[in-house]
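I'd like to ask you about the structure that follows.
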Amino acid sequence: MQCTINPRHAVYAGSFDPVTLGHLDIIARGAVVFDYVTVGIGINPDKQPLFSEEERRSLLERVIASRGLKNVGVSTFSELTVDFARACGAGVMLRGMRTVSDMEAEFTMALANHALAPEVETVFLMASDRFSHVSSTLIRQIAQMGSRDSVAKLQQFVPEEVLEPLMRKVGGTGG
């Protein structure tokens, strides 16, 4: 069954383990450009994420709702991102690029996705300069270091809704 592809519907996919202010920046900016954005949480059974699928979905839904982003939804998937986009009816895969070093891998992925689904475009948004160094891996490392001021350090990188669950997950105080 072939579904209708909507060029004003974008999918923004990632692991979001945890969601960062950088992710939220791309989601909010994408919500301005596109009629609808589906945030796709990729589930890889070979990886051990810090947050479960349900926890990541719940955190993202809370963060999106608290920002009033009415044209953004959250879903999970375990197939190729391009197949997920096609199944959602999205005509665009939205990607955030933090640094020039991201460009080669993102370009290669965009070419492969275009070969697999030429009807689905890839659109890149450059990360805002204040978030260009932020990654979920960095966030997990800061949180796991366990210093008393980890929460204060993390406030500049993650939404408020993520702080307490993150610190609880790594055994910190969590507020």
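The values are calculated or read from the model by the stated rules, or taken from the named source; none is laboratory data. In this text, all values refer to a predicted model and were calculated from it rather than measured experimentally. Positions of Cβ are backbone-derived with ideal geometry, glycine not excepted, and every protein chain shown enters the neighbour counts. Side chains are part of the model used for accessible areas, which takes the heavy atoms of the whole protein and leaves out ligands, DNA and RNA. Shrake-Rupley method; radii C 1.70, N 1.55, O 1.52, S 1.80 Å.
Considering the alpha-carbon set of the range 99-175 alone, what are its Rg and its Dmax in angstrom?
According to the Cα coordinates of the range 99-175, Rg and Dmax are 17.0, 50 Å.
Using the beta-carbon distance between Asn71 and Met145 and R0 = 35 Å, what value does 1/(1 + (r/R0)^6) give for FRET efficiency, to the nearest 0.05?
So, using R0 = 35 Å, E works out to roughly 0.40.
Using θ = phi - 60° and the Karplus form 6.51 cos²θ - 1.76 cosθ + 1.60, what ³J(HN,Hα) does each residue of the range 132-138 get, whole Hz, x for Gly and Pro?
5, 9, 8, 9, 4, 4, 4
For Ser132 and Asp102, compute 0.36 nm times the residue count separating them, minus their Cα-Cα distance, and round to one decimal in nm.
Result: 9.7 nm gained on full extension.
Of Ser66, Ser75, Ser15, which is the most mobile in a GNM of the chain whose springs link Cα atoms less than 10 angstrom apart?
With Cα springs under 10 Å in the chain, the top fluctuation among Ser66, Ser75, Ser15 is at Ser66.
Okay, next question. Rounded to whole Å and sorted largest first, list the principal axis extents of the Cα atoms in the range 1-98.
35, 30, 24
Name the most mobile residue of Val151, Val82, Val92, meaning the one with the largest mean-square fluctuation, in a Gaussian network model of the chain with Cα contacts below 10 Å.
Val151
Another question about this same structure. Return the single residue from Ala28, Ala13, Ala65 with maximal mean-square fluctuation; model: Gaussian network over the chain, springs between Cα atoms under 10 Å.
Among Ala28, Ala13, Ala65, the largest mean-square fluctuation in the Gaussian network model of the chain belongs to Ala65.
Additional query: Using the Karplus curve 6.51 cos²θ - 1.76 cosθ + 1.60 with θ = phi - 60°, work out ³J(HN,Hα) for each residue of the range 5-18 in order, rounded to whole Hz, and write x for Gly and Pro.
Rounded to whole hertz, the list is 8, 9, x, 9, 10, 10, 10, 10, 10, x, 8, 6, 10, x.
Another question, if that's okay. For the range 24-175, give the percent of accessible area contributed by carbon and sulfur heavy atoms, probe 1.4 Å, rounded to a whole number.
Whole-percent figure for carbon plus sulfur exposure: 53.
Identify all aspartates and glutamates with a Cα-Cα distance to Lys47 below 15 Å; exclude those on the same chain that are fewer than 8 residues away in sequence.
List returned: Asp17, Glu79.
Using amide H atoms built in the peptide plane, which far-off residues or other-chain residues are under 5 Å from Val11 H to H?
Thr38, Val92, Met93, Leu94
To the nearest 10 degrees, how steep is helix 100-116 against the longest Cα principal axis of the chain, on a 0 to 90 scale?
Roughly 40 degrees, rounded to the nearest 10.
Using a 1.4 angstrom probe on the protein heavy atoms only, could you order Phe124, Phe107, Phe34 from most to least accessible area?
Phe107, Phe124, Phe34
So what is the diffusion coefficient of the chain in µm² per second by Stokes-Einstein at 37 °C and 0.692 mPa s, using a Kirkwood Rh over Cα pairs?
197
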